Amino acid sequence: MSIEIERNLQEFISLQFANGRPIERDTQLLGEVVDSLGLFVLVQHIETAFGVRLSDSDLTVDNLESVGSIATLLSSRTTR
């Protein structure tokens with residue numbers, strides 16, 4: 001499941017924020033690729049695409065710093 005999550009996130013972030021440039025699992029997102037407004041868009045995508053609700057305590061630098069860290073968070077929360 002984590003690979004599917006990563007692929008979805010990589011494609012979305014690449015197209016939405018990086019002008020189609022590849023996004024790797026460990027690409028630093030915050031401040032590098034995704035700005036504060038983009039973070040809101042990314043969280044909306046995560047909640048819609050994966051059917052989860054992220055709480056304020058989920059929205060940390062550690063959880064959102066890369067595709068890998070987001071996938072780890074989501075893998076622990078999804079049952080798909």
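The values are calculated or read from the model by the stated rules, or taken from the named source; none is laboratory data. Just so you know, these numbers come straight off a predicted model, no measurement behind them. No Cβ is skipped: glycine too gets one built from the backbone with ideal geometry, and neighbour counts run over all protein chains shown.
Looking only at residues in the stretch 5-20 that are closer than 16 Å to Thr72 by Cα and in contact (Cβ under 8 Å) with a residue 40 or more places away in the chain, the one that is nearest to the chain's Cα centre (by Cα) is Leu9.
Given the criterion modelled with pLDDT under 95 and in a helix (DSSP H, G or I), identify the matching residue among Ile13, Ile3.
Working: Ile13 fails: modelled with pLDDT under 95.
One residue alone meets the criteria, Ile3.
Please find, within the stretch 58-80, the residue that is surrounded by the fewest Cβ atoms within 10 Å (Cβ to Cβ) out of those that are of a type in the set (Gly, Ala, Ser) and at pLDDT below 95.
Step one: filter the stretch 58-80 for residues of a type in the set (Gly, Ala, Ser), giving 66, 68-69, 71, 75-76.
Applying the additional criterion that residues be at pLDDT below 95 yields 75-76.
Values: Ser75: 16, Ser76: 8.
Among those residues, the one meeting the criterion is Ser76.
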